[in-house]
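Presented below is the structure to which this report refers.
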Amino acid sequence: MDNIGKICDSTILVDGLTVITGENNSGKTTVGRTLYSIISATEDLQQNAFINKQAFARSTVRRILSRIELNRFFRIEFSDTDKNADTTDIEDIFDIDIFRQIEGIEELFSIIDEKIIKLKKCSEEDIHEFLKKRKEDTDRSKRFIDNFMKKREEVINSLNEVKKSLQTDPELIEYANNKIIKTLKTEFFNQIKGVYNESKESRIRLSHEGEDYYEINLLNDELPNKNEIFLSQAFDLSLFVDDVFIVDHMVYGQRPTRLFNSPFLSSEEEVSYETFLDKLHNSHHKDKLLYKLLENSNDFEESLYKTKTEDIIKCMKSANPGQMNFIKGKYVIDELDIRNLAMGSKMFLIIKTLIEKGHCGSKTLLVLDEPETHLHTEWQTILAETIVLLVKNLGTKVVLTTHNPSFLLAIDFFSKEHDIRDITHFYQSDFFDEGKKVKLKLADENINEIYAKMTKPFLELEAMMDGINENDDLDI
């Protein structure tokens, strides 16, 4: 990473448990935020691109067909009963709900082709018969027929343009680039590069044993060209946990709307591929986390690693908040509304739920931003061992930030106790350039330096307290 937030010219290992330490405002969160962004943007790329294109086609075709006045007869999408009945060519032309039923991109193209064919075949007599069944008067029927004949060629041309635009970028290079940049901008609030760094260039590279997964070079937070920046999938899933209050939104018992189904609003804009990319919806990491917490679990996937998760759940001991159930419109644990849980309990509930729903496998990157913040020292120790076991038993890759010496000590101890010290890495953020920039320094061999830096304020405070006590003794 170079010129990402405050971080400059830094290399970070992520092959097990990666711990980022440092003072406040020293760029600790930047590492996890960057990794989350690039991985989340390209998860299940083919399927999510299809979902986006499906939504775009449905919205855009609806808008195009609205130019034909006959469309007013089809404002309400067909009911299940209507779909099972025989329909006329005219009804098929204006059936938009059919886009919801397709499962592949070729099927999407076929639907557009069928609408074009039926538009071309539709005669004045067909429209007249259609309107006659609806008892339209002669004058209105003539107007509808004239409008259809006048607008037909324009509509057909526009439908062909929709199909052409969706056939663009078959390898999804532009799509992936767009998703990565949009996710980075969302997570960094449009400030990816360092505010105080004079360089306009930023760089992110993710590789393993000579294989590149991402090679991203930005200029003023934009891609200077259309070169491929996503090369291979390093993880299947990335999750970012930085707010325990996400639990408070788990109150309706409803699974959130599909994350990647972009709400392409109807407008009179052109239907180019650039318009499609520009209007792609991007979800924030909190929305995605909530989606996964409420997502239905897969019993088969759970059974594959059930024995491994048992040790982790057992490790939580007294910190385990208990079994969550949905009763009378809300989530409860032992009749207690989960919104009333202590903040520390909510952190354990998040981790426990992700484990139980199968979201912490060997291809998962879990980013935990100061997860110990709301925990008593005893529970910090439990959380540290839980995280270490996630890495050991499930192979989950974890990136966490902390500036708590007790929690760091527990991580250090349990990484050795459970024999994952060789894939546990500690980094310390060091300021330079008058505190405007940060470089992350690997500290696996000199972790005592981190402890010394973390405990220095306590020692100074203790010395001040000793001074006060000495003065009190002299007064006596």
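The values are calculated or read from the model by the stated rules, or taken from the named source; none is laboratory data. Keep in mind it's a predicted model, so treat the numbers as computed, not measured. Because the Cβ atoms are built from the backbone with ideal geometry, glycine has one as well, and the counts that use them run over all protein chains shown.
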* To do: Determine which single condition Glu153 fails, assuming it passes every other condition in (1) within 34 Å of the chain's Cα centre (by Cα); (2) more than 24 Å from Ser283 (Cα to Cα).
  => (1)
* Residues Lys135, Lys185, Lys163: which one is within 30 Å of Ile93 (Cα to Cα) and surrounded by 13 or more Cβ atoms within 10 Å (Cβ to Cβ)? -> Lys163
* Structure fact -> With the first residue restricted to the range 397-415 and required to be on the phi > 0 side of the Ramachandran plot and aliphatic (A, V, I, L, M), and the second required to be surrounded by fewer than 23 Cβ atoms within 10 Å (Cβ to Cβ) and not in a strand (DSSP E or B), Cβ contacts under 7 Å at 6 or more apart or on different chains are none
* To do: Take the range 371-400 and flag every residue that is part of a strand (DSSP E or B) and small (Gly, Ala, Ser).
  => none
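So which of Val247, Val251 ends up being modelled with pLDDT under 95, in contact with a Gly (Cβ under 9 Å, 6 or more places away or on another chain) and among the hydrophobic types (A, V, I, L, M, F, W, C)? Steps first, please.
On the way: Val247 fails: in contact with a Gly (Cβ under 9 Å, 6 or more places away or on another chain).
From the options Val247, Val251, the qualifying one is Val251.
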* To do: Output the qualifying pairs, or none if there are none: Cβ atoms under 6 angstrom, residues six or more apart or on different chains, first residue in the range 359-386 and free of Cβ contacts under 8 Å to residues at least 12 places away in the same chain and assigned by TED's automatic domain parsing to the domain that holds Val31, second residue surrounded by fewer than 20 Cβ atoms within 10 Å (Cβ to Cβ) and assigned to a loop (DSSP other than H, G, I, E, B).
  => none
* Being of a type in the set (S, T, N, Q) and surrounded by 12 or more Cβ atoms within 10 Å (Cβ to Cβ) is the filter; apply it to the range 138-156 and report the residue that is modelled with the lowest pLDDT. => Ser141
* Taking the residues in the range 235-244 that are assigned to a strand (DSSP E or B) and touching a Gly at 6+ places or on another chain (Cβ under 8 Å) as candidates, determine which candidate is nearest to Ser283 (Cα to Cα). => Phe240
* Just one of Ile313, Ile355 is among the β-branched types (Val, Ile, Thr), part of a helix (DSSP H, G or I), modelled with pLDDT of 90 or more and touching a Lys or Arg at 6+ places or on another chain (Cβ under 7 Å); which is it? -> Ile313
* Options Tyr214, Tyr196: the member that is of a type in the set (Phe, Trp, Tyr) and part of a strand (DSSP E or B) -> Tyr214
* Could you grab the pairs with beta carbons closer than 7 Å, sequence gap of 6+ or different chains, first residue in the range 223-234 and in a loop (DSSP other than H, G, I, E, B), second one of a type in the set (D, E, K, R)? => Lys226/Glu174; Ile229/Glu215; Leu231/Asp212; Leu231/Glu215; Ser232/Glu211
* Asked: In the set Thr60, Thr42, which member is closer than 30 Å to Ile216 by Cα, at pLDDT 90 or above and either surrounded by 20 or more Cβ atoms within 10 Å (Cβ to Cβ) or not assigned by TED's automatic domain parsing to the domain that holds Met149 (or both)?
  -> Thr42
* Asked: Only one residue in Ile351, Ile313, Ile333 is surrounded by fewer than 20 Cβ atoms within 10 Å (Cβ to Cβ), among the β-branched types (Val, Ile, Thr) and within 27 Å of Asp236 (Cβ to Cβ), so which one is that?
  -> Ile313
* To do: Name, by its number, the condition in (1) surrounded by fewer than 22 Cβ atoms within 10 Å (Cβ to Cβ); (2) touching a Leu at 6+ places or on another chain (Cβ under 7 Å) that does not hold for Lys397.
  => (1)
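Got at least one residue in the range 112-129 being under 30 Å from Lys53 (Cα atoms), out of contact with any helix residue (DSSP H, G or I) (no Cβ under 8 Å at 6 or more places or on another chain) and not aromatic (Phe, Trp, Tyr)?
Our first condition is that a residue be under 30 Å from Lys53 (Cα atoms); within the range 112-129, this holds for 112-122.
From what is left, the residues that are out of contact with any helix residue (DSSP H, G or I) (no Cβ under 8 Å at 6 or more places or on another chain) are 117.
Next, only the ones that are not aromatic (Phe, Trp, Tyr) stay: 117.
Looking through the range 112-129, at least one residue is under 30 Å from Lys53 (Cα atoms), out of contact with any helix residue (DSSP H, G or I) (no Cβ under 8 Å at 6 or more places or on another chain) and not aromatic (Phe, Trp, Tyr).
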